[in-house]
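The structure under discussion appears below in the form of structure tokens.
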Amino acid sequence: MSQLPPNDPFSLADALGLPQRQEGLGLSTIATLLGSSSASLGIGLTGLAAAAAPADEGPKWIHVTERFKTFLDNLELTASQDADGWTKVHGVVSCLNSAYYGNNSALDHAFLIGSWAKRTRVRPPRDVDLYFVLPIEVYYRFEAYAAGANKQSALLQEVRSKLVASNPSSAIKGDGPVVLAGFTSYNVEIVPAFLYNEEERSYYVCDTNNGGSYKKTMPVHEIDAIDSADARNSNNVRRLIRMLKAWQSCCSVPIKSFYLELLAIEFLDQCDWRHSDYFYYDWISRDFFKWMITKANTYLWAPGTYNLLWLGDDWKSRAESAYARAAKACDYERANDMANAGDEWQKIYGTDIPKWV
């Protein structure tokens with residue numbers, strides 16, 4: 001029998017309808033299965049004996065499951081980080097409800113977007129993003145401004161002033177379509193918005209560029225896209241996104257998190273391992289980076305609005321490095337070389353993925 005190359009997705013187990021990669025499945029096990037299946041397959045053990053098959057090498061990839069499970073556990077926010085984020089959000093929403101609706105509700109007229117809404121958060125904590133839906137009267141009040149005035153910039157500054165009054169010690173500034181409230185542990189990014197179309201769940205948000213205008217957005221459709229993709233890919237989409245965010249942070253990858261989300265969805269929808277568990281996450285990592293390289297200078301589609309998003313190639317060299325390291329790590333994992341595999345993974349994902357398991 002000719003020896004298959006390392007990490008080749010095809011094996012003799014495939015011919016028997018077995019999993020392509022299985023912990024503890026050695027040649028002696030396959031020989032037994034072949035013997036018991038000789039009537040249906042038309043082959044027996046004599047051919048194997050003549051080929052003088054080597055002794056069972058024992059299980060391979062024995063560290064992969066525990067390594068990647070621990071990695072993803074390490075990326076989870078702690079209970080205190082989660083509680084702190086919600087405290088900041090509730091404070092901001094309560095302040096704006098008091099200013100614009102005459103009550104101090106910590107929940108009304110606001111909804112989360114970004115990683116907190118999509119359940120793709122990683123630690124250390126990043127920004128908490130939310131939409132705050134303003135009364136339509138505010139829209140018309142600013143529309144009455146004189147021609148030539150940047151109404152959107154003025155609106156952001158008004159929202160900022162409301163937050164400064166309640167949080168005088170915090171760094172609060174208007175930045176593009178958001179008002180950024182900087183706290184010690186978290187930044188909260190508030191997007192002042194007006195409901196545009198309830199049925200399609202679209203909103204107007206401020207664009208302060210070129211004299212100011214409103215931009216139509218559909219943030220809830222982004223959440224829907226991840227929900228449906230995660231469901232059809234055996235809950236692997238969110239896990240891959242969180243892993244990619246760790247790579248983005250560790251290797252200073254110049255690409256937006258939103259683009260990584262869309263890439264993760266597109267990749268897993270065509271990945272052979274999309275219904276597998278942690279045991280295949282080394283191959284999923286390797287194959288993602290190889291595939292991502294081919295996406296340089298192409299477009300993505302934004303869910304809901306279907307706006308074209310240019311990927312460029314500023315990140316391509318980081319993906320090429322990650323692929324080379326992941327391929328090497330996969331070889332080490334197959335050989336159960338725990339430490340060397342861990343070293344390579346940490347060059348990609350940082351120290352949240354353990355060297356020793």
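What follows is calculated from the coordinates using simple rules that are stated; it is not laboratory data. The structure displayed is predicted, hence computed values, not measured ones. All Cβ positions, even for glycine, are placed from backbone atoms using ideal geometry, and neighbour counts span all protein chains on display.
When the dipole is taken about the Cα centre of segment 185-240, and only Lys, Arg (+1) and Asp, Glu (-1) are charged at their Cβ, what size is it in debye, to the nearest 20? Each step should come with its number before you reach the end.
Values: 6 positive and 9 negative charges, 41 e Å.
I would put it at about 200 debye.
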How fast does segment 79-217 diffuse by Stokes-Einstein, in µm²/s, taking the Kirkwood radius from C-alpha pairs at 4 °C and 1.567 mPa s?
-> 84 µm²/s
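Report the full-extension gain for the segment F258 to D337: residue separation times 0.36 nm, less the Cα-Cα distance, to one decimal in nm.
Working: separation 79, 0.36 × 79 = 28.44 nm, distance 3.45 nm.
Between F258 and D337, full extension yields an extra 25.0 nm.
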Separation of alpha-carbon centers, segment 262-320 and segment 240-256, rounded to whole Å | 12 Å
What is the order of W247, W356, W273, fewest Cβ neighbours within 10 Å to most?
-> W356, W273, W247
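What is the packing order of peptides 87-95, 258-266, taking the mean over residues of other C-beta atoms within 10 Å and listing the highest first?
Numbers: 87-95: 19.7, 258-266: 21.3.
Ranking, from highest mean packing down: 258-266, 87-95.
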Cα-centre dipole for segment 139-275 with unit charges at Cβ (Lys and Arg positive, Asp and Glu negative), debye to 20 = 460 debye
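What whole-number value in cubic angstrom gives the convex hull volume per residue for the C-alpha atoms of segment 160-314?
Numbers: hull volume 24.1 nm³, N = 155.
Dividing the Cα hull volume of segment 160-314 by its residue count gives 156 Å³.
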How much FRET efficiency would the formula 1/(1 + (r/R0)^6) give for D207 and D313, where r is the Cβ-Cβ distance and R0 is 25 Å, rounded to 0.05?
-> 0.40
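Tell me the net charge near K173. Cut-off is 14 Å between Cβ atoms, K173 excluded, with +1 for each Lys or Arg and -1 for each Asp or Glu. The partial results should precede the final answer.
On the way: positive: R160, K162; negative: D127, E158, D175, E189.
Neighbourhood net charge equals -2.
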Over 19 Å (Cα to Cα) among K60/K245; K69/K245; K216/K245; K151/K173; K328/K355 -> K60/K245; K216/K245
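Take the alpha carbon gyration tensor of segment 172-237, find the square roots of its eigenvalues, order them as a ≥ b ≥ c, and report rounded if a/c is under 1.5; if not, report prolate when a/b exceeds b/c, else oblate. Could the numbers behind the result be given before it?
On the way: a/c = 2.92, a/b = 1.40, b/c = 2.09.
The shape class here is oblate.
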Enumerate the amide H contacts of I172 below 5 Å, restricted to partners 5 or more residues apart or on another chain; note that Pro and chain-start residues carry no placed amide H.
-> G182
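Peptides 138-145, 156-163: what's the order by average Cβ count within 10 Å, highest mean first? Kindly include the intermediate steps, with their values, before the conclusion.
Details: 138-145: 12.6, 156-163: 18.9.
Put in order of decreasing packing, that is 156-163, 138-145.
Using Cβ contacts closer than 10 Å as the measure, can you line up I113, I190 from fewest to most? Spell out each step's value before the answer.
On the way: I113 19, I190 27.
Going from least to most buried by this count: I113, I190.
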Using modelled amide H (1.01 Å from N, peptide plane; none on Pro or chain starts), what sits under 5 Å from the amide H of K60, excluding residues fewer than 5 places away?
-> G24, L25
